[in-house]
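The values are calculated or read from the model by the stated rules, or taken from the named source; none is laboratory data. None of these values were measured; they are calculated from a predicted model. We place every Cβ from the backbone using ideal geometry, glycine too, and count neighbours over all the protein chains shown. Calculation scope for accessible area: heavy atoms of the full protein, side chains included, ligands and nucleic acids excluded. Shrake-Rupley method; radii C 1.70, N 1.55, O 1.52, S 1.80 Å.
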Amino acid sequence: MRIAFATYPKLEGLTPSDQLAADQLSRRKATVTAVPWSASADWRQFDAVVIRATWDYYTRSEEFLNWLRSLQHQGVQLWNPAPLAAWNMYKGYLRDLEKAGVVVVPTEWVTETRQPASLERLVKERGWGDVVVKPAISASAQRTWRTKGGVTGEDEARYRELAATGEVMVQPLIETLVAEGEWSFVFLDGEFSHAVLKRPAPGDFRVQPRLGGTVARADAPEEWVKQARSALGVVQGPWLYARVDGCMIEGQFVLVELEMLEPDLFLNLDARASALFAEALLRLVKK
């Protein structure tokens, strides 16, 4: 069996986490090849294509969307499937989940047709303190920032500049996330695999390691896993992987993001996870 892990041009080979999955697939007689998603490749030569470190997709969103559609049109078996990946590209999926009853971080959606006169007015109308501002299509905390102690003139300028480029999300700063960290629950083919706890660097709110954040394997109570799983209840399957990111606030799991496009699955932080990933993929490919 031939499998492609879709990456991006600046990455040589695979991430350490994905390499473990490739090794497990190799032990199961499957060959894994890393191929940048934007490469001129015949994707039909592979039995399956797995979206992994396509980390520049948000800078080329229309091109990436066309790539998804092209693979679907060609009948290439893609994981996660093209319609699901396309839905997950745009963070408006949070509105779909909220309508379905999932508890998500409160969000104000700023569009071309609805742009509040100022960030300060928006914050006051919602009764929020410090807020986080980010694009509706983004990854790895790119162009994501927060206010501190009130909206400043610089904040207003950054807000207007970001809103001019596309839809923007404004959310209240989650103090629990800053103080205690953000949980990531990893699910493979519908089954819970493992959890990690991501903490921001002192004085920051972003948990990405490149920004000084830390990530560690962590054991979560079964009730927390159950609540995190509920965010997946409205997602149509089959799907290979999902990472449910959020935090616990007064015993309630609050969803920050549902990552089903190209998340780091932290397979290197759990002894069983890479094997579970390989087995899940092979089950789905053989169906």
> Over the alpha carbons of segment 151-223, what is the largest minus smallest coordinate on each principal axis, giving the biggest first in Å?
Replying inline: 44, 30, 24
> Under a 5 Å amide H to amide H cut-off, with H placed in plane at 1.01 Å, what residues pair with Gln208 once short-range neighbours are removed?
Replying inline: Gly213
>> From the phi angles alone, apply the Karplus equation (6.51, -1.76, 1.60; θ = phi - 60°) to segment 217-225 and give each ³J(HN,Hα) in whole Hz, x where the residue is Gly or Pro.
In response: 4, 8, 9, 9, x, 4, 5, 5, 4
>> Give me, ordered by chain and number, the residues 5 or more places off Val104 or on other chains with an amide H under 5 Å from its own placed amide H.
In response: Leu255
>> Can you tally the lysine pairs in segment 71-220 where the Cα-Cα distance is under 19 Å and the two residues are eight or more apart, or on different chains?
In response: 5
> What are the residues whose amide H is under 5 Å from the amide H of Gln142, where those residues sit 5 or more places off or on another chain and H is modelled from the backbone?
Replying inline: none
>> Can you classify segment 223-270 as rounded, prolate or oblate using the Cα gyration tensor, where a ≥ b ≥ c are the square roots of its eigenvalues, rounded means a/c under 1.5, and otherwise it's prolate if a/b beats b/c and oblate if not?
In response: oblate
>> Applying a 10 Å radius around every beta-carbon, put 213-220, 53-60 in order of their mean neighbour count, most first.
In response: 53-60, 213-220
> So what does the Cα-only Debye profile of segment 78-156 read at q = 0.14, 0.21 Å⁻¹, as log10 I(q)/I(0), no solvent term?
Replying inline: -0.59, -1.14
> Over the Cα atoms of the chain, what is the Rg over Rh ratio if Rh follows Kirkwood?
Replying inline: 0.97
> Roughly how large, in nm² to one decimal, is the mean projection of the convex hull of the alpha-carbon atoms in segment 1-115?
Replying inline: 9.4 nm²
> Roughly how many Å² is the accessible area per residue of segment 180-234, as a whole number, for a 1.4 Å probe?
Replying inline: 48 Å²
> Which ³J(HN,Hα) values in Hz, rounded to whole numbers, follow from the phi angles of segment 91-101 under the Karplus curve 6.51 cos²θ - 1.76 cosθ + 1.60, where θ = phi - 60° and Gly and Pro get x?
Replying inline: 5, x, 4, 4, 5, 4, 5, 4, 5, 7, x
> How long, wide and thick is segment 70-225, going by the Cα atoms along their three principal axes, in whole angstroms, largest first?
Replying inline: 48, 40, 32
> Does segment 5-58 come out rounded, prolate or oblate, given a ≥ b ≥ c as the square roots of the eigenvalues of its C-alpha gyration tensor, rounded meaning a/c under 1.5 and, failing that, prolate meaning a/b above b/c?
Replying inline: oblate
>> Per residue of segment 271-283, what does 6.51 cos²θ - 1.76 cosθ + 1.60 with θ = phi - 60° give for ³J(HN,Hα)? Whole Hz please, x for Gly and Pro, Karplus curve as stated.
In response: 4, 9, 5, 5, 5, 4, 4, 4, 5, 5, 4, 5, 4
> In the chain, carbon and sulfur make up what percent of the accessible area (probe 1.4 Å)?
Replying inline: 48 percent
> Tell me, what is the per residue accessible area of segment 1-101 in Å², probe radius 1.4 Å?
Replying inline: 48 Å²
>> Taking just the alpha-carbon atoms of segment 138-287, what radius of gyration and Dmax come out, in angstrom?
In response: 17.1, 57
>> What does DSSP give for the chain in terms of the percent of beta bridges that are antiparallel, rounded to the nearest 5?
In response: 75 percent
> Which loop-located GluC sites (Glu not before Pro) does segment 10-115 contain, where loop means any DSSP state but H, G, I, E or B and the Cβ has at most 16 other Cβ atoms within 10 Å?
Replying inline: Glu12, Glu112
